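The values are calculated or read from the model by the stated rules, or taken from the named source; none is laboratory data. On a predicted model such as this, the values are computed, not experimentally measured, just so you know. For neighbour counting, all protein chains shown are included, and Cβ atoms are generated from backbone atoms with ideal geometry for every residue, glycine included.
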Amino acid sequence: MMKPEVLAIIPARGGSKGIPRKNIRPFAGYPLIAYSIAAGLQAETVRRVIVTTDDDEIAEIARHYGAETPFLRPAELAGDRTTDLPVFQHALTWLAEHENYHPDIVVHLRPTTPIRPPDIVDRTIHLLLAHPEADSVRGVTPVHQNPFKMWLLDGEDKPIRPLTTVPGI
């Protein structure tokens, strides 16, 4: 089998409200986003690392740490309620239309997850390739708390409430 074309996409918008500029705030001496860029660049399976952002400063920092920023994300895809799907669709459509680039596999690296085992990206890609019946792999972490002791922030000016009272959970 030929080596698949693997693209890592790091979504990093500039307008974070909870922690302003969180994606470029220092964490252990480096901007937070630098860790996700490094994870993608160090992975043997990943061919390209792209940061999709609406923010010139984030784009500049991303390039400094080795990521590509071939476009700036449109403002309508950088809102508080924008989900990942349209952000990734925009990135993949842009790459297809402007570079005729069509990756076989896309890896989603969140800048807010700076601590990853060094080989986790490669192991994940190999796991996906070993299971042709699968179309995706998702990393999860076991919860070490009882759900009846977990709480959810219910919006900006609303109180917290027990997780078990949320519909669908």
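Before moving on, here are some points about what is shown:
- Subset tally (residues that are among the aliphatic types (A, V, I, L, M) and touching a helix residue (DSSP H, G or I) at 6+ places or on another chain (Cβ under 7 Å)) for segment 92-105: 1
- Segment 18-29 residues that are surrounded by fewer than 14 Cβ atoms within 10 Å (Cβ to Cβ), paired with ones that are among the hydrophobic types (A, V, I, L, M, F, W, C) (beta carbon under 9 Å, 6 or more apart): R25/I19; R25/L32; P26/L32
- Scanning segment 10-44 for residues that are at pLDDT below 95 and β-branched (V, I, T) turns up just one, I19.
- Residue in segment 39-60 that is surrounded by the most Cβ atoms within 10 Å (Cβ to Cβ), counting only those that are of a type in the set (S, T, N, Q) and within 16 Å of T112 (Cβ to Cβ): T53
- Selection within segment 61-104: residues that are of a type in the set (D, E, K, R) and under 15 Å from R13 (Cβ atoms). The member of this set that is surrounded by the most Cβ atoms within 10 Å (Cβ to Cβ) is R73.
- Only residues that are over 22 Å from the mean Cα position of the chain (by Cα) and either surrounded by fewer than 10 Cβ atoms within 10 Å (Cβ to Cβ) or part of a helix (DSSP H, G or I) (or both) were counted across segment 132-157, and they come to 11.
- Among strands (runs of 3 or more DSSP E) entirely within segment 1-116, having at least 1 residues that are small (G, A, S) singles out 6-11.
- Output for segment 1-35, where each listed residue is of a type in the set (A, V, I, L, M), in contact with a helix residue (DSSP H, G or I) (Cβ under 7 Å, 6 or more places away or on another chain) and closer than 14 Å to T113 by Cβ: A8, I9, I10, A12, L32, I33
- Listed by first and then second residue, the pairs with beta-carbon distance under 9 Å, at least 6 apart or on different chains, first residue in segment 40-65 and farther than 21 Å from Q89 by Cα, second polar (S, T, N, Q) and surrounded by 23 or more Cβ atoms within 10 Å (Cβ to Cβ), are I61/N23.
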